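My structure is below; once you've seen it, I'll send some questions.
The values are calculated or read from the model by the stated rules, or taken from the named source; none is laboratory data. Quick caveat, the model's predicted, so the values are computed rather than measured. Glycine also receives a Cβ, built like all others from the backbone with ideal geometry; neighbour counts cover every protein chain displayed. Accessible surface is based on the protein model in full, side chains and every heavy atom, while ligands, DNA and RNA are left aside. Shrake-Rupley method; radii C 1.70, N 1.55, O 1.52, S 1.80 Å.
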Amino acid sequence: MIHNFPPGLIMVLGALLLPFLGQRLSAWGALVLSSLSLVAFWTSPEFHAVTLNLFGQDLNIVRIDRWSWIFGLVFHLAAITASIYALHVKDTKQHVAGMIYAGSAIAACCAGDLITLFVCWELTAVSSVFLIWANGTETAYRSGMRYLIIQVTSGVLLLSGAIIHYQQTGSLVFENFLGLEPGQRGAIGDLEFGPLLILIAFGIKGAFPLLHNWLQDSYPNGTATGTVFLSAFTTKLAIYSLARGFAGLEELIWIGCAMTLFPIVFAVIENDLRRVLAYSLNNQLGFMVVGIGIGTELALNGTAAHAFCHIIYKSLLFMSMGAVLHRVGTTKATELGGLHKSMPFTTVFCMIGGGAIAGFPLLSGFVSKSMILSAAGHEQMFAVWIILLIASAGVMEHSGIKIPFFAFFAHDSGKRVKEAPWNMLTAMAIASFCCIAIGVYYQPLYDMLPFETHYEPYTAAHVIMQFQLLLFAALAFVFLMKANLYPAEIRSTNLDTDWVYRRLLPRLIAHLGKLIQLIDSLFRLACLAMIKRFLNWLAKSCGARGWLGSTWSTSSMAFWAAVLLGVFLILYYL
Amino acid sequence: MKPKNNNSKGGDSNNETSWLERNVNVVIAGLVIACIGSLIAQFWWAPLFAEKQVEASHVEASHDEGSHDETSHDEHMHDEASHLHPAEFAIEEVFGFEAMFGFVAFVAVVFLGTGLRLIIMRDEDYYDS
């Protein structure tokens with residue numbers, strides 16, 4: 001019975017009951033809900049679909065296949081760990097928002113048609129913004145507002161695209177819009193207008209270059225626990241949707257390459273470590289987008305595997321920084337350092353997360369990222385392969401080294417705080433265990449991938465090369481620090497594309513207002529001058545001495561009357 | 001995972017220093033040894049790889065002569081062998097390529113970042129003012 005409802009519905013509806021549990025119990029309620037949902041998902045018949053007829057339209061509200069399965073599973077795992085991580089939070093609103101958000105993301109990745117997808121898409125946007133607003137500061141409020149506007153815009157584009165697509169094809173089924181099979185590739189020019197709008201909608205949520213900045217703007221403004229939720233769902237839902245709808249779209253390869261590159265440079269100079277993680281997240285999405293663009297079975301498997309591993313280690317990293325924020329009150333690198341003395345467990349967990357994202361062998365990132373690099377290699381895409389290698393070194397820089405180093409080591413800030421609460425440590429321990437378990441025993445993950453694979457990540461060559469890349473990157477860090485060439489952390493704001501809508505547009509609009517004001521006042525002046533001249537003329541001509549106002553002689557009047565009568569006579573004869 | 005500690009001067013005088021802070025050089029030495037180890041490993045692996053290639057070509061050869069029953073098995077073996085193929089590009093075979101690449105890419109990214117600061121860095125309260 002339960003399997004006829006969208007997975008995640010337990011969480012969405014259950015969340016509405018959480019307020020009745022009170023402040024203390026609602027956190028546990030959230031954990032119970034996400035666990036129940038996982039049980040329901042796990043026991044659901046393996047691959048099935050449910051159709052609902054609504055307003056004469058068949059909606060495929062549940063479609064669970066291999067793609068939905070792997071994303072739905074990891075979304076559940078993320079929701080459970082994030083719930084454990086948030087057990088100490090006594091703010092019911094956050095738990096409600098978190099559950100609705102996670103539940104709708106799970107329902108979205110099990111949606112078979114575009115309308116169901118749209119509904120869940122918007123629900124994730126509207127529910128997640130409360131995790132940012134819960135911070136309670138003016139900055140968070142404004143940032144949340146921008147986030148909401150951008151996310152809802154993405155949803156509106158998705159709906160418009162879906163409607164146009166329906167008008168053109170008569171179908172709302174969510175499948176590859178280019179009709180491509182794995183291994184085939186198409187170009188953006190082959191897309192109709194509807195799917196193009198949908199691509200932009202996915203691109204906004206997936207943080208494509210130039211559309212990306214909502215991510216770095218909002219995630220660092222979320223609460224310590226809220227950002228852990230945020231990091232897991234929104235962008236990976238976009239990755240899932242791209243893989244489902246646009247696998248093999250060639251342009252995605254280059255969009256993905258750009259995504260892997262530019263964030264690593266921004267991450268080097270960013271002071272807020274949670275914003276560094278947001279840039280790092282953006283860079284990781286790039287790897288997945290490249291995989292979707294390549295579109296072979298190996299590449300798509302790589303994308304799915306990387307999304308799976310990424311959600312876990314990225315949550316872990318955000319959890320470790322959340323723990324720092326919870327204890328110290330800030331995640332600015334300039335104010336941290338030396339925390340390994342007071343938060344030893346968090347330090348170890350953060351380093352495991354950093355190692356996993358950098359792709360050290362025996363950790364999860366290695367077994368998934370290798371697939372995407374190998375896929376680029378198999379297709380003989382040399383430039384792509386080189387870019388991904390540079391990006392790998394960049395990941396080592398900002399997530400493998402910068403995050404743990406500046407938070408827990410570096411110059412001792414003298415701050416002595418308590419270790420993170422037990423529930424945070426438990427959640428981080430679970431995520432760390434997953435990172436190691438997947439890295440060592442990767443076969444269960446590979447068995448879940450969308451396509452069957454015999455891929456072998458641990459070849460001698462692969463392992464040695466990866467070690468060379470990462471160890472020498474680390475050596476470069478030591479070299480730069482010793483030579484005092486590594487840029488010091490500075491309290492600063494670094495501009496990004498959000499400058500366009502936070503500074504440029506408001507200024508342009510202000511200037512435009514001034515211009516309109518100027519034209520308006522000039523126009524008024526000109527009109528006033530004309531009226532004044534007219535009045536002057538009237539005064540002149542109708543005044544006591546004006547020619548219209550003065551008394552005229554009787555003879556001239558008789559003369560003009562005669563002329564008029566004469567003219568009338570001539571006209572009459574004509 | 002080792003080079004996480006560096007340059008720490010031991011904090012304030014009234015703060016205790018940790019083992020890591022007192023032994024930064026040990027950590028760095030460990031890293032250097034690991035780096036050298038990864039280079040040596042490539043030496044060790046190169047002949048190993050050659051053997052695998054011989055094996056793979058042997059499998060291919062036997063596949064030509066083999067009966068139909070063995071075909072699928074051989075193909076599987078061939079698949080395995082192609083997955084063991086370490087290098088998709090010739091440049092990967094160059095000794096220490098990835099090592100050099102990792103070092104140079106890291107330094108380049110950091111310098112690019114430093115340069116980017118000139119353009120995009122503003123006061124911390126830039127958007128608040």
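Ordering A:384, A:417, A:440 by how much accessible area each has at a 1.4 Å probe, largest first, what is the list? Could the numbers behind the result be given before it?
Working: A:384 0, A:417 35, A:440 85 Å².
These residues rank, largest area first, as A:440, A:417, A:384.
I would also like to ask the following. Could you state the angle between the C-alpha long axis of helix A:138-169 and the longest principal axis of the C-alpha atoms of chain A, as a value from 0 to 90 degrees rounded to the nearest 10?
80 degrees
Using Cα-Cα distances under 8 Å and only pairs 6 or more residues apart, what relative contact order does the stretch A:250-493 have, in percent?
Values: 396 pairs, mean separation 68.4, N = 244.
Once normalised by length, the contact order is 28 percent.
I've got another one for you. Through the Karplus equation 6.51 cos²θ - 1.76 cosθ + 1.60, θ set to phi - 60°, convert the phi angles of the stretch A:69-81 into ³J(HN,Hα) values in whole Hz; use x for Gly and Pro.
4, 5, 6, x, 5, 6, 5, 5, 4, 5, 5, 5, 5
Could you give me the radius of gyration and the Dmax of chain A, taking only the C-alpha atoms into account and expressing both in angstrom?
Over chain A's Cα set, Rg and Dmax evaluate to 32.2, 125 Å.
A further question follows. Output the peptides A:368-381, A:57-70 sorted from most to least packed, where packing is the average of other Cβ atoms within 10 Å over each peptide's residues. Before the final figure, lay out each step's value.
Details: A:368-381: 23.2, A:57-70: 19.1.
Listed from highest to lowest mean packing, they are A:368-381, A:57-70.
Let me ask something else about it. Provide, as a two-decimal number, the C-alpha radius of gyration of the stretch A:250-493 over 2.2 N^0.38 Å, N being how many residues it has. List each step's numbers first, then the result.
Values: Rg = 17.5 Å, N = 244, 2.2 N^0.38 = 17.8 Å.
For the stretch A:250-493, the normalised Cα radius of gyration is 0.99.
If you roll a 1.4 Å probe over the heavy atoms of the protein chains, what accessible area per residue do you get for the protein assembly as shown, in Å²?
Heavy-atom SASA per residue in the protein assembly as shown reads 43 Å².
Here is a further query. Quickly work out the residue A:342-to-residue B:100 label distance, labels modelled 7 Å from Cα along the C-beta direction, and quote it in nm with one decimal.
For the pair residue B:100/residue A:342, the computed spacing is 4.7 nm.
Let me ask something additional. Measure off 7 Å from each Cα along the Cα-to-Cβ vector at residue A:169 and residue B:91, then give the distance between these two points in nanometres to one decimal.
Once both label points are built, they end up 3.8 nm from each other.
For the B and A pair, go ahead and give the buried accessible area with a 1.4 Å probe, both sides summed, in Å² to 100. Each step should come with its number before you reach the end.
Values: alone 11270 and 25550 Å², together 30310 Å².
Buried area between the two chains comes out at roughly 6500 Å².
When the accessible area of chain A is split by element with a 1.4 Å probe, what percent falls to carbon and sulfur? Intermediate values should be presented prior to the final figure.
On the way: 15560 of 22420 Å².
Reported share for carbon and sulfur atoms: 69 percent.
Additional query: Angle, helix A:344-358 long axis vs. longest principal axis of chain A, Cα atoms, 0 to 90°, nearest 10?
It works out to around 70 degrees.
Label-point separation (nm) for residue A:542 and residue A:573, each offset 7 Å from Cα along Cα-to-Cβ?
According to this spin-label approximation, the distance is 4.0 nm.
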